[in-house]
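J.: Below you'll find the structure I mean.
The values are calculated or read from the model by the stated rules, or taken from the named source; none is laboratory data. It should be emphasised that the depicted structure is a prediction, and the values quoted were computed from it without experimental measurement. Heads up, the Cβs are rebuilt from the backbone with ideal geometry, glycines too, and the neighbour counts pull from every protein chain shown. Accessible surface areas use protein heavy atoms only, side chains included; no ligands, DNA or RNA. Shrake-Rupley method; radii C 1.70, N 1.55, O 1.52, S 1.80 Å.
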Amino acid sequence: MYYVYILYSRSRDRFYTGQTDDVGDRFIRHNQGRSKATKSGRPWLLAYAESYPTRSEAMRREKEIKGKKSREYIIELIKNYEP
């Protein structure tokens, strides 16, 4: 299973969208500062996740979310999210 996830940084008031096959491990790595893109926003909160059977589907969805370039779109996804 593959996942698209959205993290939120309170300190930077920013969202980060990514994809992985292990959300838990990836979340820990982000909060340990092991990702250059998210190092300055720690601590990150896991705000949203979707699952997909293939990496290509997860990558396509990640690209779709990022392509919207819309904070409002991300906020709506999170608002309707039920883990």
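J.: At 7 Å along Cα-to-Cβ for each site, give me the label-to-label distance between Lys66 and Asp22 in nm.
T.: The answer from the label model is 2.2 nm.
J.: Expressed as a whole percentage, what fraction of the accessible surface of the chain belongs to carbon and sulfur atoms when a 1.4 Å probe is rolled over the protein heavy atoms?
T.: Carbon and sulfur: 48 percent of the exposed surface of the chain.
J.: Which of the chymotrypsin sites (Phe, Trp or Tyr not before Pro) found in the chain are loop residues per DSSP with 12 or fewer other Cβ atoms within 10 Å of their Cβ?
T.: Counting only loop positions with at most 12 other Cβ atoms within 10 Å, the chymotrypsin sites (Phe, Trp or Tyr not before Pro) in the chain are Tyr81.
J.: Could you give the length gained on full extension between Ile75 and Asp13, defined as 0.36 nm per residue of separation minus the Cα-Cα distance, in nm?
T.: Separation in residues times 0.36 nm, less the Cα-Cα distance, equals 21.1 nm.
J.: Sorting Ser56, Ser35 by accessible area (1.4 Å probe), largest first, what list results?
T.: Sorted by accessible area, descending: Ser56, Ser35.
J.: Expressed as a rounded percentage, what relative contact order does the range 1-46 have, with Cα pairs under 8 Å and six or more residues apart?
T.: Reported relative contact order: 42 percent.
J.: Loop-only trypsin sites (Lys or Arg not before Pro) in the chain, please: DSSP not H, G, I, E or B, and at most 15 other Cβ atoms within 10 Å.
T.: Passing sites in the chain are Arg10, Arg12, Arg34, Lys36, Lys69.
J.: Which shape class, rounded, prolate or oblate, goes with the chain when its Cα gyration tensor gives a ≥ b ≥ c as root eigenvalues, a/c under 1.5 marks rounded, and past that a/b bigger than b/c marks prolate?
T.: Oblate, because a/c is 1.5 or more while a/b does not exceed b/c.
J.: Also, quick follow-up: For Leu77, Leu45, Leu7, give me the order by solvent-accessible area with a 1.4 Å probe, most accessible first, ignoring ligands, DNA and RNA.
T.: Leu45, Leu77, Leu7
J.: Per 0.36 nm of contour for each residue apart, how much would the distance between Met59 and Lys36 grow if the chain were fully extended, relative to their Cα-Cα spacing?
T.: That pair, Met59 and Lys36, stretches by 6.3 nm at full extension.
J.: Also, quick follow-up: With Cβ to Cβ distances under 15 Å as the rule, what net charge do the other residues near Lys63 carry (K, R +1; D, E -1)?
T.: Net charge in that neighbourhood comes out at +2.
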